[in-house]
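*Asks:* I'd like to ask you about the structure that follows.
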Amino acid sequence: MFDTLIFGGGVSGMSCALVLGSAQNKSFATDKKIGIFTHQKTSALQEALFNNAYGIAAGKLGSELLTESVQHLSQTYPHIIQIPVEKALKIEGKFPEFIVTTNRNTYKTKTIVIGIGSANTFAIEGLMQYIEPHQKALPEKQRIQLKNSDHKVTDGIYVIGTLAGWRSQLAIAAGSGAAVATDILTLWNGGVQTHCHDSIR
């Protein structure tokens with residue numbers, strides 16, 4: 001049983017995983033099992049070039065960021081389980097016990113975070129009823145989002161990045177994933193508002 005399972009190894013998903021991973025020494029997070037489907041082939045970063053992203057050197061390729069983020073997560077927070085070649089197909093159940101079926105396996109998890117992009121080819125059974133037109137994309141692109149209130153789709157299910165209705169911008173996607181990570185940390189911490197910073201102090 002996972003405590004949190006993240007769908008998507010792009011910016012928002014990896015950002016969420018990194019923040020959750022950084023809480024590993026907090027008493028309320030030490031025993032939490034976290035997993036992430038790191039499938040990245042359809043990520044918009046595959047064709048991206050960054051000159052305007054805070055903290056990233058000009059000329060950085062998005063494809064490099066994808067590879068480096070997986071390595072960063074693996075080296076810095078190895079307790080997070082990376083699932084690299086599976087795609088979620090179906091979600092069943094309700095909070096606090098969901099069953100996730102992929103093209104290869106079945107998993108149980110208490111909470112789900114979905115950050116797999118806003119293409120209208122979205123086809124995860126159990127979530128189709130939440131689809132609506134993307135509110136911040138050009139109509140001709142036919143993008144979609146999942147209905148949500150502050151990233152929350154329903155109890156135990158969160159959506160991040162462009163699928164949450166945000167614009168396709170690296171800083172926005174990263175912030176969206178981090179925001180949901182702190183919501184989950186708050187949930188784990190008994191409802192006490194929580195965030196997680198690294199510090200040299």
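The values are calculated or read from the model by the stated rules, or taken from the named source; none is laboratory data. Keep in mind that this is a model prediction, so the values were computed, not measured. Using ideal geometry, Cβ is built from the backbone for each residue, glycine included, and neighbour counts are taken over all protein chains shown. Just the protein is used for accessible areas: all its heavy atoms, side chains included, with ligands, DNA and RNA removed. Shrake-Rupley method; radii C 1.70, N 1.55, O 1.52, S 1.80 Å.
*Asks:* Hey, any idea what % of the chain's accessible area is carbon plus sulfur with a 1.4 Å probe?
*Replies:* Ligands and nucleic acids excluded, carbon and sulfur give 50 percent.
*Asks:* When the Kirkwood radius is taken over all Cα pairs of region 119-169, what Stokes-Einstein diffusion coefficient follows at 4 °C and 1.567 mPa s, in µm²/s?
*Replies:* Roughly 117 µm²/s, to the nearest whole number.
*Asks:* Using only Cα atoms, locate the centre of region 69-104 and the centre of region 14-64, then give the distance between them in Å, rounded to an integer.
*Replies:* Region 69-104 and region 14-64 have Cα centres separated by 14 Å.
*Asks:* What FRET efficiency, computed as 1/(1 + (r/R0)^6) with R0 = 22 Å and r the Cβ-Cβ distance, is obtained for E47 and Q142, rounded to the nearest 0.05?
*Replies:* The computed FRET efficiency comes out at 0.70.
*Asks:* Roughly how many debye, to the nearest 20, is the charge dipole of the chain about its Cα centre, given +1 on each Lys and Arg Cβ, -1 on each Asp and Glu Cβ, and no other charges?
*Replies:* That gives a dipole near 60 debye.
*Asks:* Something else: What's the Kirkwood radius of region 1-85 in Å, using all Cα pairs?
*Replies:* 13.4
*Asks:* For K60, which sequence-distant residues (separation of 5 or more, or a different chain) have an amide H within less than 5 Å of its own amide H, given hydrogens modelled in the peptide plane?
*Replies:* F50
*Asks:* May I pose another question? Quote the charge dipole size of region 1-100 about the Cα centre in Debye, to the nearest 20; the model charges only the Cβ of Lys and Arg (+1) and of Asp and Glu (-1).
*Replies:* For region 1-100, the charge dipole is close to 100 debye.
*Asks:* Just in region 6-83: which trypsin sites (Lys or Arg not before Pro) are loop by DSSP and have at most 16 other Cβ atoms within 10 Å?
*Replies:* Counting only loop positions with at most 16 other Cβ atoms within 10 Å, the trypsin sites (Lys or Arg not before Pro) in region 6-83 are K26, K33, K41.
*Asks:* Right, another one. Can you list which of the chymotrypsin sites (Phe, Trp or Tyr not before Pro) found in region 1-84 are DSSP loop residues with at most 12 other C-beta atoms within 10 Å?
*Replies:* Y54
*Asks:* Run through every distinct alpha carbon pair of region 101-191 and return the Kirkwood hydrodynamic radius in angstroms, one decimal place. Intermediate values should be presented prior to the final figure.
*Replies:* On the way: mean 1/r = 0.0724 Å⁻¹.
That comes to 13.8 Å for region 101-191.
*Asks:* Cut-off 10 angstrom, C-alpha nodes, Gaussian network model of the chain. Which of H39, H79, H134 fluctuates the most?
*Replies:* Highest fluctuation of the listed residues: H79.
*Asks:* Determine the alpha carbon to alpha carbon distance for each of K32/K60; K32/K136; K87/K147; K87/K136; K26/K94 and list only those over 23 Å. Before the final figure, lay out the partial values.
*Replies:* Details: K32/K60 34 Å; K32/K136 35 Å; K87/K147 21 Å; K87/K136 26 Å; K26/K94 27 Å.
Going by Cα-Cα distance, K32/K60; K32/K136; K87/K136; K26/K94 fall outside the 23 Å limit.
*Asks:* Would you mind working out the accessible area per residue for region 129-173, using a 1.4 Å probe, and quoting it in Å²?
*Replies:* The answer is 58 Å² per residue.
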